[in-house]
Amino acid sequence: MSFGFSSYPWRLASAFLGLLVTGILGNSTLQASSAPILIRGGSIFTMNSKQPWAQALVIRGNRIEMVGSEAEARIAAGSQAEEIDLKGGICLPGFIDGHNHLAMGAITKRGVSVAGLEGKAAILSKIRTWVAQQPKEGLLLGYGWMPDSFKSGSPRREWLDEITGDRPMLILSADAHDMWFNTAAMKACGLTDQTPDPEPGKQYYRRDDQGWPTGHAIEGAASLPMLVRLGAFGPEAARESQKLTLARAPAQGITSYFEAGVLIGETSDAAAPVYEQLIEDDRAGKLPVRIVGTVWTRSPDDDPKKIAARLKEWNRKYASEHLKISVCKMWSDGTLMSRGALLLDPFCDEPHVRGKMTFPPEKIEAVVDAVQQAGFDMHIHTDADGSVRTVLDVLEKVRQRRGGGFRHTIAHNSLVHPEDVARFAALGVIANVTPLWGTDYNGSYRTIYTKLLGAARMEERLFPYGDLVRSGAVVTYGADIPGVDVDEIPPLIQIEAAVTRKRPGYPKDLPLVARQRVSVEDALRAYTVHGAYQLRMEKEVGSLEKGKKADLVVLGRNIFEESPETIHTIPVVLTMMDGRLTHDARP
Ligand SMILES: [Zn+2]
């Protein structure tokens, strides 16, 4: 996972998507229609290989009753049926996001966005306009700057004071490693010239000649206490952030997602109140998507047996109709881009350095072993080719010892050696990827990776999403906020990126490793049947078939007839989860 910032043309339009939503955090309760529903008037692409296309389908309660011709469907539906006219659009299975953090990923993306702005004047002007529109009291938040957004490399608190007066304001950087704060925030947190730095030179406060903080906190140990103190981090803040993510998911066609880690404390246990709240939502009929959640481990010091036991406990304890916790998420490495992952060959610009993993192989093996023995799957964050090979070796060993039947996923796969690409299918390991990163993301990925890897290695191994599909592996997609911005979560944006390897909205981009492009059908498969398979839900959702749950999305234009560069502009007209309308933008 990397952290990005950007300013795409669709951002303004998507700011309004949230307004159309019913469900979570709103007052309305989701209900299935009592009359049967007949869907007709366009194309239906089922993702069922035995019957890929149909004219019509009928829903009764929360299940699909039949899929077929319009004449047959009319008879099955009867005269009382409620009709949904596709008006020439297309009906697809609901999108299943296989790796995201919708329960809290936007916690660092609240308030005013200054992403993509250059220079003090432009950034302060945006903040000034935004603050003027806010309620007169309370904490002010923002995000999206980078140290190089300012000539001085470091923003100052008095620049904000002039706009905010005595109200505290915190503005996180795009990757959330840095934080800019004003004088009111400094005072409210009791920061003075006497406050020691948490880790001098690494995690610290920038200071003036007298030792007073100038308004720039570097790294989490410096910023997190301030965020917590001012109420900008924790279960309540996570809840608030869901308005930017979960609440909008149905308007983006999402009906299910994999929660790849709720990170609001030192350990996985801190996530408990977040899951409790989501279950409460579900019981009140207000959860707009199905969720598969996780118990996570980020440290090799965690005890594998305890992790497996906690997963078993949460699987029993936190379960409702549309939410289950059944996967262990592990961060086996960091990111290739920040040199925190293991390479098979040294970095181009550092010929003796290959990076390293967070977990040693034997520790990964112990966790996989314990989790698999407890009857659950792993989802392993793994970014670079050396790390991927290490994890595949571990999964192969466990498989030899304990047999198959698991559905472990390796997520990210930014760099994979061609010899390892073929091993995913052979070992039954699922590959999860974020298509937007397989482009010149933020207009900087091509430059950054060329510097780190060189052109030949990029061509051979970088974001091998097409090679993975052609190798026969089960490939799934996920948008992975905060690795992308809130407006980059929609599956149609990710699908366009997978099909073009260009940034949506930038048709003149050069495709990043052009041979890794995939077909629209392959991209849809990743977001539907394959997503369902990863989450062990393929018997209930993922395709439009008789007897399955009515999870579907209606797009305003046929995605198969669309020019690849405009896929992200296709309107999501309607979304249904479990027979209930979760999004309805019909005119
Ligand atoms: Zn993630």
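A compact table of results
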item: Residues satisfying the stated conditions in the range 448-467, i.e. surrounded by fewer than 23 Cβ atoms within 10 Å (Cβ to Cβ) and either modelled with pLDDT of 95 or more or within 16 Å of the ligand (Cβ to nearest atom) (or both); result: Thr450, Lys451, Leu452, Gly454, Ala455, Ala456, Arg457, Met458, Glu459, Glu460, Gly466, Asp467
item: Selection status of Val474, surrounded by fewer than 24 Cβ atoms within 10 Å (Cβ to Cβ) and more than 27 Å from Gly42 (Cα to Cα); result: yes
item: Enumerated helices (runs of 4 or more DSSP H) restricted to the range 215-285, each holding at least 3 residues that are within 16 Å of the ligand (Cβ to nearest atom); result: none
item: Residue satisfying condition, being polar (S, T, N, Q) and either within 16 Å of the ligand (Cβ to nearest atom) or surrounded by 18 or more Cβ atoms within 10 Å (Cβ to Cβ) (or both), within set Gln400, Gln372; result: Gln372
item: Residue match in the range 257-266 (condition: closer than 25 Å to Arg167 by Cβ and outside the structural domain of Pro147 (by TED's automatic domain parsing)); result: yes
item: Count - residues of the range 526-548 that are crowded, with 23+ Cβ neighbours inside 10 Å and part of a helix (DSSP H, G or I); result: 6
item: Among residues of the range 473-491, those that are in a loop (DSSP other than H, G, I, E, B) and either small (Gly, Ala, Ser) or more than 16 Å from the ligand (Cβ to nearest atom) (or both), counted; result: 6
item: Entirely in the range 118-198, the strands (runs of 3 or more DSSP E) that have 2 or more residues that are touching a Ser or Thr at 6+ places or on another chain (Cβ under 9 Å), among the aromatic types (Phe, Trp, Tyr) and within 20 Å of Ala106 (Cα to Cα); result: 140-145, 178-181
item: Subset of the range 408-424 that is of a type in the set (Gly, Ala, Ser) and buried (at least 24 other Cβ atoms within 10 Å of the Cβ) - its residue that is nearest to the ligand (Cβ to nearest atom); result: Ala411
item: Single residue of the range 102-114 satisfying the filter (of a type in the set (A, V, I, L, M, F, W, C) and surrounded by 22 or more Cβ atoms within 10 Å (Cβ to Cβ)) that is farthest from the ligand (Cβ to nearest atom); result: Val114
item: Single match in Gly144, Gly153 (criterion: at positive phi and in contact (Cβ under 8 Å) with a residue 24 or more places away in the chain); result: Gly144
item: Selection count, the range 328-373, where residues are closer than 13 Å to Val388 by Cα and aromatic (Phe, Trp, Tyr); result: 2
item: Lone qualifier among Arg525, Arg470, Arg515 - being away from the ligand (no atom under 16 Å from the Cβ), among the charged types (D, E, K, R) and under 19 Å from Tyr257 (Cα atoms); result: Arg525
item: Identity of the residue in the range 323-369, surrounded by fewer than 22 Cβ atoms within 10 Å (Cβ to Cβ) and among the β-branched types (Val, Ile, Thr), that ends up modelled with the highest pLDDT; result: Val353
item: Test: Lys136 is surrounded by fewer than 24 Cβ atoms within 10 Å (Cβ to Cβ) and free of Cβ contacts under 8 Å to residues at least 12 places away in the same chain; result: yes
item: Residue list for the range 498-521, restricted to those being surrounded by 20 or more Cβ atoms within 10 Å (Cβ to Cβ) and outside any loop (DSSP other than H, G, I, E, B); result: Ala498, Val499, Thr500, Gln516
item: Residue list for the range 549-577, filter: assigned to a loop (DSSP other than H, G, I, E, B) and crowded, with 22+ Cβ neighbours inside 10 Å; result: Ala550, Asp551, Ile559
item: Unmet requirement for Trp159, which otherwise passes all of (1) in contact (Cβ under 8 Å) with a residue 24 or more places away in the chain; (2) in contact with a helix residue (DSSP H, G or I) (Cβ under 7 Å, 6 or more places away or on another chain); (3) crowded, with 18+ Cβ neighbours inside 10 Å; result: (3)
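Let's see how each residue does on (1) of a type in the set (Val, Ile, Thr); (2) free of Cβ contacts under 8 Å to residues at least 24 places away in the same chain:
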| site | (1), (2) |
| --- | --- |
| Ala341 | no, no |
| Leu344 | no, no |
| Pro361 | no, no |
| Val388 | yes, no |
| Val394 | yes, no |
| Gln400 | no, yes |
| Gly403 | no, yes |
| His408 | no, no |
| Val433 | yes, no |
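The values are calculated or read from the model by the stated rules, or taken from the named source; none is laboratory data. Please read these numbers as outputs of a predicted model, since none were measured by experiment. Glycine also receives a Cβ, built like all others from the backbone with ideal geometry; neighbour counts cover every protein chain displayed.
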